[in-house]
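The values are calculated or read from the model by the stated rules, or taken from the named source; none is laboratory data. All values reported here derive from a predicted model rather than from experimental measurement. Here Cβ is always computed from backbone atoms with ideal geometry, including for glycine, and neighbour counts include all displayed protein chains.
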Amino acid sequence: MENKATIQEFNRFLNIHEQLYLQTLELLKDVPDEVFKSTPIDNEVMYLGTRVNTINIGGLIRHFVLAEIHWFQAMKEGENGLAIPKPDNASLLENIADGQELVEKYKDVFAKGFEILKSYTEEDLNKTVSFMGRKYTVMAFLWITFGHHSYHLGQVDMLMRQHNIYPAEYMEWPNTSTLIG
């Protein structure tokens, strides 16, 4: 296989993935619970489209938390050539209120997902998977998950700013002692 994934690249991913998790916690720590349920400002200047105008911080957090744990587990357990199904694990966050209770649950789910990731082998990283009609190596799809999380974190940032909550700047990650790369 051309461009074979290596453990070195995977360790780099784990490091950056963990930094993004810490950035997410930093971003959410001061958000009042009621803001987790608010939707974007909707006027002629700020119209973001029908789908985006129905999102809120709580929904975005639920979305990427459930997607990531599902993807990490499916790729670890699946055979080469797996067509990754859409997540059907909403019960994981059932009866968890939006707000800081959801953030606390996110910490637990992240820890479980991180343990799954740490069990990946080089063979796992080089399996092929498909999702939404596209083929990836597991390693490539892991980078896709990073982009997915970052994309939604940007939406969370926008929703926070609409409530005069100014989050930390992107990439001003709390852990400054770890070499990233």
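In this structure, is ILE55 surrounded by 15 or more Cβ atoms within 10 Å (Cβ to Cβ), at pLDDT below 95 and more than 20 Å from GLU122 (Cα to Cα)?
yes
Being under 16 Å from HIS70 (Cβ atoms) and surrounded by 14 or more Cβ atoms within 10 Å (Cβ to Cβ) is the filter here; which residues of region 125-143 pass it?
VAL129, PHE131, TYR136, VAL138, PHE141, LEU142 - these are the residues of region 125-143 that are under 16 Å from HIS70 (Cβ atoms) and surrounded by 14 or more Cβ atoms within 10 Å (Cβ to Cβ).
So, in region 85-134, how many residues would count as being of a type in the set (Val, Ile, Thr), within 17 Å of PHE72 (Cα to Cα) and touching a Lys or Arg at 6+ places or on another chain (Cβ under 7 Å)?
Qualifying residue count for the region: 2.
How many of the residues in region 61-113 are in a helix (DSSP H, G or I), under 16 Å from the mean Cα position of the chain (by Cα) and not small (Gly, Ala, Ser)?
So the answer is 25.
Suppose we filter region 1-17 for residues that are part of a helix (DSSP H, G or I) and either more than 20 Å from LYS107 (Cα to Cα) or modelled with pLDDT of 95 or more (or both); how many remain?
Going through region 1-17 one residue at a time, the tally reaches 9.
Filter region 136-172 for residues that are over 17 Å from the mean Cα position of the chain (by Cα) and of a type in the set (D, E, K, R); which is farthest from GLN73 (Cα to Cα)?
Only one residue fits best here, namely ARG161.
Residue under question is ILE116, and the condition is that it be assigned to a helix (DSSP H, G or I), touching a helix residue (DSSP H, G or I) at 6+ places or on another chain (Cβ under 7 Å) and surrounded by fewer than 19 Cβ atoms within 10 Å (Cβ to Cβ); does it hold?
yes
In region 66-98, which residues are of a type outside the set (Val, Ile, Thr), farther than 17 Å from HIS152 by Cβ and touching a Phe, Trp or Tyr at 6+ places or on another chain (Cβ under 7 Å)?
Those that are of a type outside the set (Val, Ile, Thr), farther than 17 Å from HIS152 by Cβ and touching a Phe, Trp or Tyr at 6+ places or on another chain (Cβ under 7 Å): MET75, LYS76.
Quick one: in region 119-143, which of the residues that are assigned to a helix (DSSP H, G or I), touching a residue at least 12 places away in the same chain (Cβ under 8 Å) and of a type in the set (D, E, K, R) is nearest to PHE10 (Cα to Cα)?
Ranking the candidates gives GLU122 first.
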